[in-house]
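> First, the structure itself, so that you have it in front of you.
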Amino acid sequence: MSEQDIAIDVRNAVKRFGAVTALAGVSLTIRDNEFFTLLGPSGCGKTTLLRLIAGFEEITEGEILLYGEDIGTLPPNRRPINTVFQHYALFPHMTVAENVAFGMRRLGWSKADIEDQTGRILDLVKLGDLAARRPAQLSGGQQQRVALARAMAPRPKVLLLDEPLSALDLKLRQAMRIELKQIQEETGITFVFVTHDQEEALTMSDRIAVMSAGEIRQVGTPHEIYEAPNDRFVADFIGETNVLDVTVQRGPDGAWHSRLPNGAVFPCEAAGTPPQDGAAAHVLIRPERLSLVPEAESNSGLTGVVDQIVYLGTDIQYGVRLDEGPDVLVRAQNVGSDTTSFRNGDRVGLAIAPGGARLLVD
Amino acid sequence: MRQRINIKRYPGFLPVTILCLVVLYAPLLVVMVYSFNDSLSITRWGGFSFRWYMEIFTGPESAKFKDAAWNSLTIALSAAVASTIIATAAAVAMVRGGAFKGKALNLALISMPIMVPEIVTAVATLVFFSAIGFTLGYLSILVAHIVFCIPFAYLPIAARLQGIDGSYEEAAQDLYASRFQAFLRVLMPLMAPGILAGFLLAFIISLDDFIITNFIKGAGIETLPTAIFGAVKQGIKPDIMALSTIMLSVSILIVTLSYFISRYGRPGTKAEA
């Protein structure tokens, strides 16, 4: 890739606060025009990484390149990068229009250009008629749009978003996800989005970096992250996962299989380096890739007793206590017919959907 | 939720309250009432009159009071401006400067003039000025006032600044403002009520200071408090009560103003509606 294809290149970034290591050597490339998400639990270092890119924190070791130029030591006002803050940080003593114009004024844009761009950007976020209001007179959702408009107005090369939707209620959050993605596609600005909400990450991102304890565990498209997690942490963090202890077995056709302690064998996919035949391993199965069948029809050799049924509206989630092994979750779509459903205490078999089991060696 | 204790139901609440109020405010009330007394006596009521107020402005001692009032006003104004600027800088350093070495010591030093008995400060300042050969007069009063006004200006300013979320300055710098522009265009306007409250408090503290001023003023210059003290030494005349009442009114007005200004538009810790 040429320099123009890589918006941000983080090279071995380390950030220490006193004795605490917030980032332990992170390397990452964010492509031009990409909606990139940093995803992880609180304290994983995602916000620290964002603040390093913005320039609010000094990098301890490593480099940050913006389109090939080292910006790691520049103060925030010298970086063509803008931020949408978690609590918006709108200037309360200025009107919406003055807030939006703030960055352009500092950059010395002409008065006509500023007016032009302010109008255009407020229309983009559908706030054209509220330009004269003060932030305190706006709803949370409107404030969020002003924060977005203010950060986009000076045409930054990269826009950073620090959990901008976390203060909104669920309905508004879901609507804003779609709108944010649309705005990113329309403007072509590279977005770096920080969130701890895996659903948010999956719906909006082109690519996701899953972080934990100051390190990046996996970078990939939402599909890759969900379908092919690199390790147990990623699998657990993105959606729910059942983990079973198995022994690796190579099938006669060369395909990978898992052998359960009870001797049953089922096919599975292998991640990363192919495991040794006969090695101890884990197999990861998403709840929606499992289905309940009468005990005799199980294609996996997994059998057990239903001991919990949770009604989720669109889905029904069953907790099954396996005869050998841990409890597993099974999720079935709620299709409304009582004939297929199971009751507490029923003996059942588990069927694994093709490609639904994923082998992982620790 | 636990029921709130109604303090009024405690035995003896009413008499104690009344006693405190009387001890605190009865003397002030007497001075105010008798400043309108149309009599030379300070104990016998001789009818209502503005006579003593006229006396201050037109009587034989009016020139002395006018000079003293002018000195007091200009010193209070200059001292308040200077100490507010210093206190603002100190507040930004203390509240926004992160953890630096000797921070607790710094805070102790800033607030020292409030803790140290004023008479000690007065003697120390006098000794210091004499030692360095600083001529006692208008300037020595001003310098001393600037110094002891700083903590009074500092407290409301620092309190206000503590309530302002750091993300405002970050947002300003993120939007291409230099540190100074971020301070001038974002932090200062948000701090303004605290700065004004601090200024008014410093002004009033300077205006009514007596002990330090009396020690270091030197000969031939008076402020209002020292002029009043000088006049009272020759016996309390009702015009002093009138003058005191005017000063009391100004003080109450400014302190009330300062209180309401410091409360005005207090921002939350987050930028929320």
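> Interface size between chain B and chain A, please: total buried accessible area, 1.4 Å probe, rounded to the nearest 100 Å².
Result for this pair: about 2100 Å² buried.
> Distance cut-off 20 Å, Cα to Cα: go down the list A:126/A:181; B:64/B:237; B:64/B:217; A:46/A:171; A:126/A:157 and report the pairs above it.
A:46/A:171; A:126/A:157
> If you wrap a convex hull around the alpha carbons of chain B, what volume per residue comes out, as a whole number of Å³?
It comes to 215 Å³ per residue, whole-number rounded.
> A further question follows. As a test of reading the structure, rank B:247, B:54, A:211 by solvent-accessible area (1.4 Å probe, protein chains only), most first.
Heavy-atom accessible area, descending, gives B:54, B:247, A:211.
> In the Gaussian network model of chain B, springs joining C-alpha atoms below 10 Å, which of B:196, B:253, B:21 carries the largest mean-square fluctuation?
Highest fluctuation of the listed residues: B:21.
> I've got another one for you. Which of the trypsin sites (Lys or Arg not before Pro) found in region B:31-97 are loop residues per DSSP with 16 or fewer other Cβ atoms within 10 Å of their Cβ?
Here the sparse-neighbourhood loop sites are B:44.
> While we're looking at this one, here's another question. Just reorder A:231, A:253, A:32 by solvent-accessible area, largest first, 1.4 Å probe, all chains present.
A:253, A:32, A:231
> In vacuum, with every alpha carbon of region B:134-258 counted as one equal point scatterer, what does the Debye formula give for log10 I(q)/I(0) at q = 0.18, 0.20, 0.21, 0.22 Å⁻¹? Two decimals, please.
-0.98, -1.09, -1.14, -1.19
> Probe radius 1.4 Å, ligands and nucleic acids ignored: give me the carbon and sulfur share of the accessible area of chain B as a rounded percent.
Summing carbon and sulfur atoms, their accessible area is 71 percent of the total for chain B.
> Please work out the ratio of the alpha-carbon Rg of chain A to 2.2 N^0.38 Å and round it to two decimals.
Output field value: 1.20.
> Take the Cα atoms of region A:240-360, build their convex hull, and give its volume per residue in Å³.
Spread over its residues, the Cα hull of region A:240-360 gives 103 Å³ apiece.
> At residue A:265 and residue B:9, where each label point lies 7 Å from the Cα along Cα→Cβ, what is the point-to-point distance in nanometres?
Those two pseudo-labels are separated by 8.1 nm.
> Same structure, new question: What aspartates and glutamates could a cross-link reach from residue B:66, if we take a straight Cα to Cα line under 15 Å and drop same-chain neighbours fewer than 8 places away?
Filter leaves B:55, B:222, B:239.
> Okay, next question. Taking a quarter of the surface of the convex hull around the Cα atoms of the protein assembly as shown, what do you get in nm²?
The orientation-averaged projected area of the Cα hull of the protein assembly as shown comes to 45.3 nm².
> Also, I was wondering about something else. Quick check: residue separation of residue B:139 and residue B:18 times 0.36 nm, minus the Cα distance between them. What number comes out in nm?
39.1 nm
> Starting from 0.36 nm per residue, how many nanometres of slack lie between residue B:62 and residue B:246 once their C-alpha separation is accounted for?
Length gained between residue B:62 and residue B:246: 64.8 nm.
> Along the Cα→Cβ direction, 7 angstrom out, place labels at residue B:38 and residue A:126. What is the inter-label distance in nm?
Computed distance between label sites residue B:38 and residue A:126 equals 7.6 nm.
> Accessible area of residue A:181, 1.4 Å probe, to the nearest 10 Å²?
Counting only protein heavy atoms, the figure is 30 Å².
> Still on this structure, please answer the following. Note down the Stokes-Einstein diffusion coefficient of region A:291-338 in µm²/s, whole number, using a Kirkwood radius over alpha carbon pairs, 20 °C, and 1.002 mPa s.
Stokes-Einstein gives a translational diffusion coefficient of 188 µm²/s.
> In square angstrom, rounded to the nearest 10, how much accessible surface does residue B:17 have for a 1.4 Å probe?
For residue B:17, the solvent-accessible surface is approximately 50 Å².
> Using the Kirkwood formula on the Cα atoms of region B:144-216, what hydrodynamic radius do you get, in angstrom to one decimal?
After inverting the pairwise mean of 1/r, the radius is 13.7 Å.
> Considering only protein heavy atoms, what is the solvent-accessible area of residue B:45 at a probe of 1.4 Å, reported in Å² to the nearest 10?
130 Å²
The values are calculated or read from the model by the stated rules, or taken from the named source; none is laboratory data. Since this is a predicted model, take the numbers as computed values, not measurements. With ideal geometry, Cβ positions are generated from the backbone for all residues, glycine too; neighbour counts draw on all protein chains shown. Only protein heavy atoms, including side chains, enter the accessible area calculation; ligands, DNA and RNA are left aside. Shrake-Rupley method; radii C 1.70, N 1.55, O 1.52, S 1.80 Å.
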